[in-house]
Amino acid sequence: MSDLHPAPTPRGPLSGLVVADFSRIVAGPYCAMLLGDLGADVVKVESPAGDDTRAFTPPVRDGVSTYFQAVNRNKRSIALDLADPADLAVAHALSARADVVIHNFKPGGIERFGLGYADVAARRPDTVYCAISGFGTRGGADLPGYDLLIQAVSGLMSLTGEADGRPLRAGMAAFDVMTGLHAAVGIQAALRHRDRTGTGQLVEIDLLSAALSSMINQSSAYVSGGVVPRRMGNEHPSLYPYEPIATGDGELVIIAGNDRQFATLCRVLGLDELGADPRFRSMRLRNENRVELRRILAGALSRRSAQDWFELLSAAGLPCGPINDVAGGVELADRLGLEPVVTVDGVPMVRNPLRMSETPPTYRSGPPDLGTAGAEIRQWLGFPAPGTDRPSVRARTG
């Protein structure tokens, strides 16, 4: 159990767990932040140069990279040079105290420091050890993993963009985030197993496998159906209408995911006869005849503005919405009472999306400056602060 710092009330469901976060950039840090939001004491181990994302600028907030801030709240930072024997001893002691160890070194990289799973488990057999890589530990062990690279080789970029345009990346680090989410689920399952059996385990996840799983219907189309999906712009391969459609003054995303919703759309647009048209009676037929259906819908939608149709269609219960920028998305969430922004140590941040009735996420500290908790963490582990030779009275593995 952690005595690194007192957790405020209310205590999270993971309060008392110590997480040693040896990861950097996005997937691992995002996973560790989610655990921290739920109450875990997360110790972020950085090189003396700091996490790479500290230098991912612009933009900045108070001189700090907003990229770094996005995935590193609720953590304490200690700067350790693992090539330095004294710092490595601190890292070993931390791994012996941690309930969870997370890293995203390239396979084989962390083992040379005595911090691989076998070494950590020898120090603490009930450790839950999460190793994140780009391409796994077998044939892809030597390949570095970056989100853009995974988007390219997984097939996602081949699906993103206009049908006759070039492949495009998603507008965010999609597979880094999805890998971090998968890792957090795996860690929780391993902790539950430990509660029942008292034993830890190795949790491995790679970005490519997470990508293929996260592409759900698109990867399944090939694996189960033998169909190689293609780039379709904003269209959906299996649903229509399910795309932005032109109105009198701009586009509006309109979704009719079933026959009932299509009937609602036809009624509000004054096209009741369309629902009985043999070309459009089922989803399969609407998909087959989407070019003609799009022409008819656009003609009706051209009579009013996107805002007018948004209000009319929404009032009828049809899924639809404008294409916002990110500011518009945050503002919409705020108007809907979702409280998307929390302020942590004076820094506005996007809140954890979970709502829990008894043990909600907490925001105890903002993203740390490099190494600011180093002396405190060293003392907790039984090491003198840098520049001193007075040993702590605490046992190093107590």
Amide H to amide H, which residues 5 or more places from S133 or on other chains are under 5 Å from it, using H placed in the peptide plane?
I205, D206, L207
Residues whose placed amide H lies under 5 Å from that of V253, excluding near-sequence neighbours
I245, G321, I323
HN-Hα couplings for the stretch 33-43 via Karplus (6.51, -1.76, 1.60; θ = phi - 60°), in whole Hz with x for Gly/Pro, come out as 5, 4, 5, x, 4, 8, x, 5, 8, 9, 9
Degrees separating the helix 174-197 axis from the principal Cα axis of the chain, which is the longest one:
60 degrees
Beta bridge orientation in the chain: antiparallel %, DSSP, nearest 5
35 percent
More than 38 angstrom separation, counting every C-alpha pair in the chain; what % is that?
33 percent
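For a protection proxy built on the mean count of beta-carbon atoms within 10 angstrom, sort 237-243, 294-300 highest first, please. Write down the numbers at each step before the final one.
Details: 237-243: 18.0, 294-300: 15.4.
Highest-to-lowest ranking by the protection proxy: 237-243, 294-300.
Just want the ordering: K44, K75, K106, from fewest to most Cβ atoms lying within 10 Å of their own Cβ. Each step should come with its number before you reach the end.
Working: K44 31, K75 27, K106 15.
Lowest to highest Cβ neighbour count: K106, K75, K44.
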Dimensionless Rg/Rh of the stretch 152-287, both radii on Cα and Rh by Kirkwood, sits at 1.13
For the stretch 287-294, Karplus couplings with θ = phi - 60° (6.51, -1.76, 1.60), whole Hz, Gly/Pro x
5, 5, 10, 5, 4, 5, 5, 4
Rg and Dmax in Å for the stretch 242-327, alpha carbons only: what are they?
12.3, 42
Table column - 3J(HN,Hα) (Hz), the stretch 74-88, Karplus curve with 6.51, -1.76, 1.60, x for Gly and Pro
6, 9, 10, 9, 10, 9, 10, 9, 5, 7, 9, x, 5, 5, 5
Centroid-to-centroid separation of the stretch 197-248 and the stretch 19-98 [C-alpha atoms, Å]:
30 Å
Order 349-359, 156-166 from most to least packed using the mean count of other Cβ atoms within 10 Å.
156-166, 349-359
Report, by chain and number, residues whose modeled amide H sits under 5 Å from the one on V344, excluding near sequence neighbours (fewer than 5 apart, same chain).
M349
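None of the figures in this text is laboratory data; all of them are computed from the coordinates on show. Nothing here was measured: the structure is a model prediction, and the numbers come from that model. Because the Cβ atoms are built from the backbone with ideal geometry, glycine has one as well, and the counts that use them run over all protein chains shown.
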